[in-house]
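Engineer: Starting off with a structure, shown below.
The values are calculated or read from the model by the stated rules, or taken from the named source; none is laboratory data. Keep in mind that what you see is a predicted model, and the values were worked out from it rather than measured. Cβ: placed from backbone, ideal geometry, glycine included. Neighbour counts: every protein chain shown. Only protein heavy atoms, including side chains, enter the accessible area calculation; ligands, DNA and RNA are left aside. Shrake-Rupley method; radii C 1.70, N 1.55, O 1.52, S 1.80 Å.
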Amino acid sequence: MRVFVTGGTGLVGSNVIKVASESYGASVFASRHSASTSVLDAEFFDMDIRDRDRVLGVLRQTKPDLVIHCAATVDTARLETDHQLGWCLMVEATEHLAAACRDVDAKLIFVSSDWVFDGNTPPFDERSIPAPVCYYGFLKVIGETIVRSSGIDYAIVRISAVYGVNWAFPHWEPEERVTGFGTLPNWMVKTLREGREVVEWTDYVNVAANPTLASDCADAMLSIYEKGLQGTFHCSGSKCVTRVELGKIVARTFGFDESRVRAARSDEMQRPDEILPIRSCLDVSTTEHALGRKIVPVETGMAIWKVQMEEKRLS
């Protein structure tokens with residue numbers, strides 16, 4: 001198997017590379033936007049996915065069987081004000097990749113998001129109608145539509161609240177707390193280690209989601225290819241939790257006092273500027289049936305993540 005990964009130095013992309021090379025014996029190629037270094041077992045290409053000719057040229061050179069499109073901007077606040085940036089990165093780039101996959105006869109797995117839904121009537125399954133409330137979700141819906149209508153072999157994989165080890169760099173952790181759930185467990189571990197409280201809001205936006213272990217969703221994507229599956233899949237963690245529940249699970253897993261995780265008082269709850277889904281809980285049962293396995297719930301994922309952190313520390 002030959003696999004090409006866009007966004008190979010990101011959290012999801014680095015896990016796809018590691019799982020593909022170590023568990024599936026794949027030859028892996030990946031893009032990076034700038035000349036960043038990586039310790040992963042993959043051949044990296046400096047490739048701006050907005051450059052149609054460059055995308056086509058690299059895929060013709062590497063001849064992948066599978067392309068997993070992980071690259072995207074996670075600066076959702078900037079997307080709300082810089083629509084052109086998001087359109088170029090997440091719509092036009094997807095068009096380029098779909099066209100290149102058609103040219104080299106590769107399957108395309110498009111990584112989408114729970115934010116394609118409004119969060120008002122959870123849980124959402126693969127047949128639920130998208131109704132994004134933020135520009136990021138809007139762009140993902142357009143990307144999904146492009147892939148579905150491209151005429152190529154494809155899969156759309158929706159993931160949410162991704163946490164885990166970024167294997168691309170020796171030392172990595174999120175610089176700050178995010179408005180959504182993505183990398184929130186990473187930030188919580190860092191905060192608790194520094195002796196500070198984890199204080200989470202219980203209202204406004206994104207108060208519940210399915211925390212997803214990056215390595216588990218990476219394995220699900222590769223399994224989709226191996227099983228020859230096509231369509232839309234929910235490869236998120238199998239359990240939806242609130243922000244406070246997540247914090248307490250993190251504390252228990254890493255040996256911190258759960259009392260250092262609490263809900264914010266009304267005077268502490270500052271309404272975020274971003275508009276995001278309220279409860280973006282996903283139903284993963286149909287995907288689990290298709291994969292023939294369970295997707296790990298957050299408690300199991302946390303335990304695996306703890307082991308992975310030690311593995312990275314010793315490597």
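Engineer: Among residues belonging to the range 4-34 that are over 18 Å from L56 (Cβ atoms) and β-branched (V, I, T), point out the one that is surrounded by the most Cβ atoms within 10 Å (Cβ to Cβ).
Structural biologist: Ranking the candidates gives V16 first.
Engineer: If you check F181 against the conditions, is it assigned to a loop (DSSP other than H, G, I, E, B), crowded, with 19+ Cβ neighbours inside 10 Å and out of contact with any helix residue (DSSP H, G or I) (no Cβ under 6 Å at 6 or more places or on another chain)?
Structural biologist: Against the criterion (assigned to a loop (DSSP other than H, G, I, E, B), crowded, with 19+ Cβ neighbours inside 10 Å and out of contact with any helix residue (DSSP H, G or I) (no Cβ under 6 Å at 6 or more places or on another chain)), F181 qualifies.
Engineer: Between residues in the range 74-93 that are under 16 Å from G7 (Cα atoms) and open to solvent by less than 50 Å² (accessible area, probe 1.4 Å) and residues that are assigned to a helix (DSSP H, G or I) and of a type in the set (F, W, Y), which pairs lie under 7 Å by C-beta distance while being six or more apart or on different chains?
Structural biologist: G86/Y135
Engineer: Being under 19 Å from T9 (Cβ atoms), modelled with pLDDT of 95 or more and either charged (D, E, K, R) or touching an Asp or Glu at 6+ places or on another chain (Cβ under 8 Å) (or both) narrows it down to one residue among I146, I159, I109, I68; which is it?
Structural biologist: On the way: I146 fails: under 19 Å from T9 (Cβ atoms); I109 fails: either charged (D, E, K, R) or touching an Asp or Glu at 6+ places or on another chain (Cβ under 8 Å) (or both); I68 fails: either charged (D, E, K, R) or touching an Asp or Glu at 6+ places or on another chain (Cβ under 8 Å) (or both).
Result: I159 is the single residue among I146, I159, I109, I68 that is under 19 Å from T9 (Cβ atoms), modelled with pLDDT of 95 or more and either charged (D, E, K, R) or touching an Asp or Glu at 6+ places or on another chain (Cβ under 8 Å) (or both).
Engineer: Could you check the range 15-55 and list, in sequence order, the residues that are at pLDDT 95 or above and hydroxyl-bearing (S, T, Y)?
Structural biologist: Correct list: S21, S23, Y24, S27.
Engineer: Given the conditions (1) in a loop (DSSP other than H, G, I, E, B); (2) farther than 24 Å from T300 by Cα; (3) modelled with pLDDT of 95 or more, which single one is not true for F169?
Structural biologist: (3)
Engineer: Follow-up. Which one of M188, M221 is surrounded by 19 or more Cβ atoms within 10 Å (Cβ to Cβ), touching a strand residue (DSSP E or B) at 6+ places or on another chain (Cβ under 6 Å) and under 24 Å from S21 (Cα atoms)?
Structural biologist: M221
Engineer: Does at least one position in the range 55-67 carry a residue that is within 30 Å of P277 (Cα to Cα) and surrounded by 14 or more Cβ atoms within 10 Å (Cβ to Cβ)? First the steps, then the outcome.
Structural biologist: Of the range 55-67, the ones within 30 Å of P277 (Cα to Cα) are 67.
With surrounded by 14 or more Cβ atoms within 10 Å (Cβ to Cβ) added as a condition, the list becomes 67.
Yes.
Engineer: Within the range 129-161, restricting attention to residues that are open to solvent by less than 30 Å² (accessible area, probe 1.4 Å) and hydroxyl-bearing (S, T, Y), which residue is farthest from L222 (Cα to Cα)?
Structural biologist: Looking at the filtered set, the residue picked out is Y135.
Engineer: Could you please find all residues in the range 178-196 being of a type in the set (K, R) and more than 20 Å from G301 (Cα to Cα)? Don't jump to the end; show me each part of the working.
Structural biologist: So the first thing to find is which residues in the range 178-196 are of a type in the set (K, R), and the list is 190, 193, 196.
Once the filter is applied, which keeps residues that are of a type in the set (K, R) and more than 20 Å from G301 (Cα to Cα), the range 178-196 yields only R196.
Engineer: Tell me, which helices (runs of 4 or more DSSP H) wholly within the range 238-314 include 2 or more residues that are in contact with a Pro (Cβ under 8 Å, 6 or more places away or on another chain) and crowded, with 19+ Cβ neighbours inside 10 Å? Spell out the reasoning first.
Structural biologist: Working: elements: 243-254, 285-291, 298-314.
Once the helices (runs of 4 or more DSSP H) in the range 238-314 are filtered for at least 2 residues that are in contact with a Pro (Cβ under 8 Å, 6 or more places away or on another chain) and crowded, with 19+ Cβ neighbours inside 10 Å, what remains is 243-254, 298-314.
Engineer: To continue, here is another question. Inspect all residues belonging to the range 162-178 and state whether any of them is among the acidic types (D, E), in contact (Cβ under 8 Å) with a residue 40 or more places away in the chain and open to solvent by 30 Å² or more (accessible area, probe 1.4 Å). Write out each step before concluding.
Structural biologist: Taking the range 162-178 as the starting set, the residues that turn out to be among the acidic types (D, E) are 173, 175-176.
Subset that is in contact (Cβ under 8 Å) with a residue 40 or more places away in the chain: none.
No, because not a single residue in the range 162-178 is among the acidic types (D, E), in contact (Cβ under 8 Å) with a residue 40 or more places away in the chain and open to solvent by 30 Å² or more (accessible area, probe 1.4 Å).
Engineer: Quick check on my filter: what residues within the range 197-237 are part of a strand (DSSP E or B) and farther than 14 Å from M302 by Cα?
Structural biologist: V198, V199, E200, A208, A209, G231, T232, F233, H234
Engineer: A100 - would you say it is among the small types (G, A, S), in contact with a strand residue (DSSP E or B) (Cβ under 9 Å, 6 or more places away or on another chain) and not in a strand (DSSP E or B)? Reasoning before the result, please.
Structural biologist: Working: among the small types (G, A, S): yes; in contact with a strand residue (DSSP E or B) (Cβ under 9 Å, 6 or more places away or on another chain): yes; not in a strand (DSSP E or B): yes.
When the stated conditions are applied, A100 passes them.
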